[in-house]
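The values are calculated or read from the model by the stated rules, or taken from the named source; none is laboratory data. For clarity, every value in this text was computed on a predicted model and none was experimentally measured. FYI the Cβ positions are ideal-geometry reconstructions off the backbone, even for glycines, and counts take in every protein chain you see. Areas reflect the complete protein model, heavy atoms only, side chains present, ligands, DNA and RNA absent. Shrake-Rupley method; radii C 1.70, N 1.55, O 1.52, S 1.80 Å.
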Amino acid sequence: MRLSTGFVRASGYAYKVRRVLFALTRKKVDPREVVRAAGELNQKIFEKLQELGVEKSDVVRITVPFRIEDGTIKWDYEELNIEVYRKSEEEKLAMAMEEIEEREKALEEQIKELEELALQLRETSEKILEKLEELKQEHTSLKLRAEE
């Protein structure tokens, strides 16, 4: 079996471990054994979190396999996995996303400006072509008059 807390603030991992363990072992293990095993695991997790420098506001996801032997929960501490998502990194990510959004907005404004210039160029080009046609027609009509 495997216990997985899902995402939880580091400050609330112990309660989540106990709740998940009760749900996983319902009618399989005596509730006192669940309390004992949860306490044992929570102590191990606490030590790891301190080693990792995890703050209470950080988010963690904890997974650990276990087995039930003779009514006792046995943890596989070798496979204990703690994923840490630091609040400070979230703030850095938020700042980076804000910068990206600002740059995208500036790029959109520059593209809009270039599109407007392209439209102006097209209009100017069309006017030039019209003038050329007028000149050709005038030149042709002058030739025809001269030939008469």
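For this structure, a couple of remarks:
- Subset tally (residues that are within 15 Å of Thr5 (Cβ to Cβ) and assigned to a helix (DSSP H, G or I)) for the range 38-57: 8
- Taking the range 63-80 as the range and being outside any loop (DSSP other than H, G, I, E, B), open to solvent by less than 70 Å² (accessible area, probe 1.4 Å) and closer than 19 Å to Gly6 by Cβ as the test, the residues that pass are Thr63, Val64, Pro65, Phe66, Trp75.
- Search result, residues across the range 64-78 that are under 16 Å from Ala23 (Cα atoms) and among the basic types (Lys, Arg): Arg67
- Answer from Glu83, Glu55 - the residue that is open to solvent by 30 Å² or more (accessible area, probe 1.4 Å), under 28 Å from the mean Cα position of the chain (by Cα) and without any contact (Cβ under 8 Å) to a residue 24 or more places away in the chain: Glu83
- Failed condition for Arg36, given (1) in contact with a strand residue (DSSP E or B) (Cβ under 9 Å, 6 or more places away or on another chain); (2) open to solvent by less than 30 Å² (accessible area, probe 1.4 Å): (2)
- Every listed requirement among (1) surrounded by fewer than 17 Cβ atoms within 10 Å (Cβ to Cβ); (2) touching a strand residue (DSSP E or B) at 6+ places or on another chain (Cβ under 9 Å) is met by Leu21 save one, (1).
- Given (1) modelled with pLDDT under 95; (2) assigned to a helix (DSSP H, G or I); (3) surrounded by 14 or more Cβ atoms within 10 Å (Cβ to Cβ), index of the condition Val60 fails: (2)
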